[in-house]
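**Q** Take this structure, written in C-alpha cells, and hold onto it; I'll ask about it next.
The values are calculated or read from the model by the stated rules, or taken from the named source; none is laboratory data. Every value quoted in this text rests on a predicted model; they were computed, and no experiment measured them. Every residue, glycine among them, receives a Cβ derived from its backbone with ideal geometry; neighbour counts consider all protein chains shown. Only protein heavy atoms, including side chains, enter the accessible area calculation; ligands, DNA and RNA are left aside. Shrake-Rupley method; radii C 1.70, N 1.55, O 1.52, S 1.80 Å.
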Amino acid sequence: MRFQYLLTQTVQGIRRNPLVVASAIVAVLVTLVLVFGSIVVRWSIDQDIGRWDDNVRVIAWLGDVSPDQVYAMQEEISSWPEVEEVVYFSKSQALEEFKELFADQPALIEVVQENPSVLPDSLRIKPAEAGSYDVIQNRVAVYPGVQQATAAGEEIDALVARSNRMRTFAVGVFVVLGAAALVLIANTIRMAVYARREEISIMRLVGAGNWFIRIPFLLEGLFEGVAGAALAALIVGLGHKPIVQMLSTVADPDSIVVPVQFLLQQSLLVLAFGAITGLLGSALGMWGTLRD
Amino acid sequence: MIRLQDVSKVYDGGVVAAQGVNLEIAKGEFVFLVGPSGSGKSTIIRLLLREELPTSGNLWVAGKHVNKLPSWKVPLLRRSVGTVFQDFKLLQSKTVYENVAFALEVIGRPRHVIRQQVPQVLRLVGLAAKADRLPRQLSGGEQQRVSIARAFVNRPLILFADEPTGNLDPGTAVGIMRLLDRINRTGTTVVMATHDHAIVDAMRRRVVALDRGAVVRDQSRGVYENIPELPEDLGEAEPE
C-alpha cells in the first residue's frame, strides 16, 4: 500500500512536467557522456602509453670502439639503477632492421648497403622506467666512445601529456556540468513541490510522516539522475569506438577493443554518479521548502 | 486532554497573540473559543497543532508535551487530532471519496481499512450518495462536511475547528453544528474557534473568551457576550 502509493506519486510527479524532467535528464546525460567518454578515451591513450613504455629504447650510436670496449661499456651501463637491459646491435643487425623498416624503398637500401658505415654499431638500452629515458640519454651521450644518443622521447611525453589533459578535461567537465545538472534537478523538484503544495499542506495537517512526503520527490530526482546516466552509458558503450580509433596511434585501429568488463565497471560508476546527483539535486530542491 | 500553562506567543514585530493563557479541557468537552478578530483564537489552535511554537509556556495535547515534541513525532500528534478550517482545504482534483481516503493513505493505513472507514464516515456526514462528486460540484455546507469527514475518519481524540461556519449561511451552519455535536457525543473532544454569536448562544456550551491574547472569561454553558454589569438601558443601546 505505502510502497505503491509512493511510486504512484513519483510517476505522477514525472508526468506532470515532462519537459522540465526531460531537461534535467538531458543535463545529466550530457555531463556523464562527456565524463564517461573521456574515461574511455583516456583508457585507450593509457593503453598506447603502455605499448610505448615497453618499447622505449635509448640508442647509443657507437664510434670506433673495439669489441672488448663494447663489452665493458655494456657491463657498466647495465649496472646503472635506471637501466634494465643493454643489448648490442651490430652493423649487420642494424642493416637487417633498416631493410625491414624501409622495405618499400629499395633505392635507399641500396645506398646503405654500398656504404655500411652510415649505420654504426649501437647499444640498445631499455630503461627500468619509461619516464627515465632522458636521464639515461644524458648520461650515455657523454660516455666515451658514444657518438650520439637518441630516444623516441618526445612522442612519449606527448602521449603522457595528452592523457593528463584528458584527465583535467574530465574533471573540469564533471565539476561544471555536474553542478548544472544538480541545479536543474533541484529546479524540477522545486517545481514539483510547488505544484503539490496544497496536497503537501493537507498531508502535514493529517499527520503524514516527513519522509513519506519527501520520498516521492527523492525518487523523482533519483529517476532523473539514473535515467540520464543510463542513457549516457548506452551512448558511450555503443559510440566510443570511432573516437577511440581516431585518437589511437596503433597502426591497425580495428585491433583496439575496449574490454567489455572495463565498460561495464565504468558504467556502474556512471550510474552511481547519476543516482547521487539525482538524490543530491532533489535534496537541494526540497531544501527550505519541506521543513516540518 | 488539553492543557495550556502560561502560554504566550509574541510574533516578530511585537504582536502579542497569546499572553499567559491557562486552560484545561477535559475529554469529551465541547469548547468555544470566542473573541474578535486578532484576539488569538486561531493562534491557540495553531499552537496546539504545533504549527507554531509558543514564546513561553507549555502545552499538552492527548498526553503529548506539544512544545517539547521532537519534530519527527509531530506527525503522530497530528494523527491523534482532526482539524477543520473555514476554507475547507479540499483537493479540487479529487472526488469526495478520494479526499477522505487521502487522509488515511498518507498515514499508511491498509487498503481494506480505507475501504471500510471512508464509506462509514461519509454516511455519518450524510454524503454517501455524493462520494464520486468533485468538491466544486458541492455546496459550501457539503464541502465542509467532506472536510469534517476527512478530519474524523481516523477517529481522532480531539477535533479542532477554526471558524468552520465562517463561509456558510446561517441555515447551513446549523447543519454543520449538528454534525459537530454528533461527533462530540461519540466522546470526541471538540474545540471550535468562532465569532458566530447565534451559534454560541444557541448551543450553550463552555465558552472561553479571548481578548488581545488573554483569557477574559471561561464559563460553562456560556454565551458569546456576557455583560451583566452594564445597566439595562445601555445594554439595549449596544449595536448588534
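**Q** Return a yes/no flag: does region A:216-230 have any residue that is open to solvent by less than 30 Å² (accessible area, probe 1.4 Å), within 14 Å of the chain's Cα centre (by Cα) and within 30 Å of A:Asp48 (Cβ to Cβ).
**A** Checked against the condition, which is being open to solvent by less than 30 Å² (accessible area, probe 1.4 Å), within 14 Å of the chain's Cα centre (by Cα) and within 30 Å of A:Asp48 (Cβ to Cβ), region A:216-230 yields no hits at all.
For every residue, the table says whether it meets (1) surrounded by fewer than 18 Cβ atoms within 10 Å (Cβ to Cβ); (2) away from every other protein chain (no Cβ under 14 Å); (3) touching a residue at least 12 places away in the same chain (Cβ under 8 Å).
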{"position": "A:Phe3", "(1), (2), (3)": "yes, no, no"}
{"position": "A:Thr10", "(1), (2), (3)": "no, yes, yes"}
{"position": "A:Asn17", "(1), (2), (3)": "yes, yes, yes"}
{"position": "A:Ala24", "(1), (2), (3)": "no, yes, yes"}
{"position": "A:Thr31", "(1), (2), (3)": "no, yes, yes"}
{"position": "A:Ile39", "(1), (2), (3)": "no, yes, yes"}
{"position": "A:Asp48", "(1), (2), (3)": "no, yes, yes"}
{"position": "A:Val65", "(1), (2), (3)": "yes, yes, yes"}
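**Q** Let me ask something additional. Restricting to region B:1-26, what's the tally of residues that are in contact with a Ser or Thr (Cβ under 6 Å, 6 or more places away or on another chain), of a type in the set (Lys, Arg) and more than 11 Å from B:Gly213 (Cα to Cα)?
**A** 0
**Q** Looking only at region B:119-149, which residues are in a helix (DSSP H, G or I) and open to solvent by less than 10 Å² (accessible area, probe 1.4 Å)?
**A** B:Val121, B:Leu122, B:Pro135, B:Gly141, B:Gln144, B:Val146, B:Ser147, B:Ile148, B:Ala149
**Q** Picking from B:Gly171, B:Gly140, B:Gly175, which residue would you name as being under 20 Å from the mean Cα position of the chain (by Cα) and without any contact (Cβ under 8 Å) to a residue 12 or more places away in the chain?
**A** Within the list B:Gly171, B:Gly140, B:Gly175, the selection yields B:Gly171.
**Q** Take B:Lys64 and decide whether it is out of contact with any His (no Cβ under 6 Å at 6 or more places or on another chain) and without any contact (Cβ under 8 Å) to a residue 12 or more places away in the chain.
**A** Spelling it out, it is not the case that B:Lys64 is out of contact with any His (no Cβ under 6 Å at 6 or more places or on another chain) and without any contact (Cβ under 8 Å) to a residue 12 or more places away in the chain.
**Q** Taking helices (runs of 4 or more DSSP H) that do not extend beyond region A:192-292, which have at least 1 residues that are away from every other protein chain (no Cβ under 14 Å)?
**A** Hits in region A:192-292: A:210-247, A:260-286.
**Q** Moving on to the next point. Sort out for me the helices (runs of 4 or more DSSP H) sitting completely within region A:1-110 that have 3 or more residues that are under 30 Å from A:Gly172 (Cα atoms).
**A** Once the helices (runs of 4 or more DSSP H) in region A:1-110 are filtered for at least 3 residues that are under 30 Å from A:Gly172 (Cα atoms), what remains is A:18-55.
**Q** Scan region B:185-200 residue by residue and report those that are charged (D, E, K, R) and within 19 Å of B:Ser39 (Cα to Cα).
**A** Matches in region B:185-200: B:Asp196 only.
**Q** Considering only residues that are in contact (Cβ under 8 Å) with a residue 40 or more places away in the chain and closer than 17 Å to B:Arg185 by Cβ, which ones fall in region B:143-163?
**A** Correct list: B:Ile148, B:Ala149, B:Ala151, B:Phe152, B:Pro156, B:Leu157, B:Ile158, B:Leu159, B:Ala161.
**Q** Is there a residue in region A:75-88 that is touching a helix residue (DSSP H, G or I) at 6+ places or on another chain (Cβ under 8 Å) and free of Cβ contacts under 8 Å to residues at least 40 places away in the same chain?
**A** Yes, the conditions are met somewhere in region A:75-88.
**Q** Looking at the structure I just gave you, is B:Gly187 touching a helix residue (DSSP H, G or I) at 6+ places or on another chain (Cβ under 6 Å) and among the small types (Gly, Ala, Ser)?
**A** no
**Q** Determine which single condition B:Asn154 fails, assuming it passes every other condition in (1) touching a Lys or Arg at 6+ places or on another chain (Cβ under 7 Å); (2) within 21 Å of B:Lys41 (Cβ to Cβ).
**A** (2)
**Q** Hey, another quick one. Looking at region A:97-115, which of the residues that are closer than 29 Å to A:Ile136 by Cα and surrounded by 12 or more Cβ atoms within 10 Å (Cβ to Cβ) is farthest from the chain's Cα centre (by Cα)?
**A** So, considering only residues that are closer than 29 Å to A:Ile136 by Cα and surrounded by 12 or more Cβ atoms within 10 Å (Cβ to Cβ), the one farthest from the chain's Cα centre (by Cα) is A:Val112.
**Q** List the pairs whose first member sits in region B:102-115 and is free of Cβ contacts under 8 Å to residues at least 24 places away in the same chain, whose second member is not β-branched (Val, Ile, Thr), and whose Cβ atoms are under 6 Å apart, counting only residues at least 6 apart or on separate chains?
**A** Taking only residues 6 or more apart or on different chains, the pairs are B:Glu105/A:Tyr5; B:Val106/A:Met203; B:Val106/A:Ala208; B:Gly108/A:Arg2; B:Pro110/A:Met1; B:Arg111/A:Met1; B:Ile114/B:Ala101; B:Ile114/B:Leu104.
**Q** In this structure, does A:Arg165 turn out to be basic (Lys, Arg), under 29 Å from B:Arg50 (Cα atoms), open to solvent by 70 Å² or more (accessible area, probe 1.4 Å) and assigned to a helix (DSSP H, G or I)?
**A** Considered against the rule, which asks whether it is basic (Lys, Arg), under 29 Å from B:Arg50 (Cα atoms), open to solvent by 70 Å² or more (accessible area, probe 1.4 Å) and assigned to a helix (DSSP H, G or I), A:Arg165 comes out as no.
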